[in-house]
Amino acid sequence: MKYDEIDIHIIHYLHDCPGQTTTDIAKKLFPIKDSRTLLMKDSLIRARLKKMEKHRIVLCSPTVPKTYATNPEHIFTGQGTFELKVNGGKKIEMDFGVFLAITNGNESVQIHKIKEPVNGVVSFY
């Protein structure tokens, strides 16, 4: 599954602040002006989390209200250099700085470089 910028923001927030409800996440990620906007964004977050839960990227609590956290087996953050061997052993190194990595355990890895927060908002390359 490929994750877009909204998914990445959700994952990053949950990784930093586990145990959040869909409403908590919506309020953190979107400018909420009224209850209608909150309901729409909450529904968006809920749909995204349902897909991520199916792929075991996030975990859902059995309690009510449901809270979510990232699955430590599939989400990693760190800081450093990414090294690849390509074309018969040639090494390529990339300085990633701070990054968020998502893996399904077998087939895919997505790595997103995290930019420094601007006005409290985190964005990704």
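Within straight cross-link reach of Lys2, meaning Cα distance under 21 Å, which lysines are found once same-chain residues fewer than 8 apart are removed?
Reachable lysines: Lys41, Lys50, Lys51, Lys54, Lys113, Lys115.
Under the rule a/c < 1.5 gives rounded, and otherwise a/b versus b/c splits prolate from oblate, where does segment 61-113 land using the Cα gyration tensor? Please report the intermediate quantities before stating the final value.
Values: a/c = 5.21, a/b = 2.36, b/c = 2.21.
Prolate, because a/c is 1.5 or more and a/b exceeds b/c.
Describe numerically, in nm with one decimal, the distance between label points set 7 Å from Cα along Cα→Cβ at Val64 and at Thr21.
Computed distance between label sites Val64 and Thr21 equals 1.2 nm.
Assuming 0.36 nm per residue, please report the length gained on full extension of the stretch Lys85 to Ser43 beyond their Cα-Cα distance.
So the chain would gain 10.9 nm between Lys85 and Ser43.
List the longest stretch of the chain that has no exposed loop site; here a site is one of the GluC sites (Glu not before Pro) assigned by DSSP to anything other than H, G, I, E or B, with at most 12 other Cβ within 10 Å. Let's see the in-between values first.
On the way: sites that count: Glu73, Glu107.
The longest such stretch corresponds to 1-72.
Could you pull out the trypsin sites (Lys or Arg not before Pro) across segment 24-125 that fall in loop regions by DSSP (anything but H, G, I, E, B) with no more than 11 other Cβ atoms inside 10 Å?
Numbers: sites: Lys27, Lys28, Lys33, Arg36, Lys41, Arg46, Arg48, Lys50, Lys51, Lys54, Arg56, Lys66, Lys85, Lys90, Lys91, Lys113, Lys115; in loops: Lys33, Arg56, Lys66, Lys115.
Within segment 24-125, the qualifying trypsin sites (Lys or Arg not before Pro) (loop, at most 11 other Cβ atoms within 10 Å) are Lys33.
Using a ≥ b ≥ c from the Cα gyration tensor of the chain (square roots of the eigenvalues), is it rounded, prolate or oblate, where a/c under 1.5 gives rounded and otherwise the larger of a/b and b/c decides, a/b for prolate? Present the calculation step by step, with values, prior to reporting the outcome.
Details: a/c = 2.58, a/b = 1.73, b/c = 1.49.
Verdict is prolate for the chain.
Could you check the simple spin-label distance between Asp95 and Met1, using points 7 Å along Cα→Cβ, in nm with one decimal?
Computed distance between label sites Asp95 and Met1 equals 3.5 nm.
Coordinate-derived values only; no laboratory data. If you're wondering where the values come from, they're calculated on a predicted model, not measured in any experiment. We place every Cβ from the backbone using ideal geometry, glycine too, and count neighbours over all the protein chains shown.
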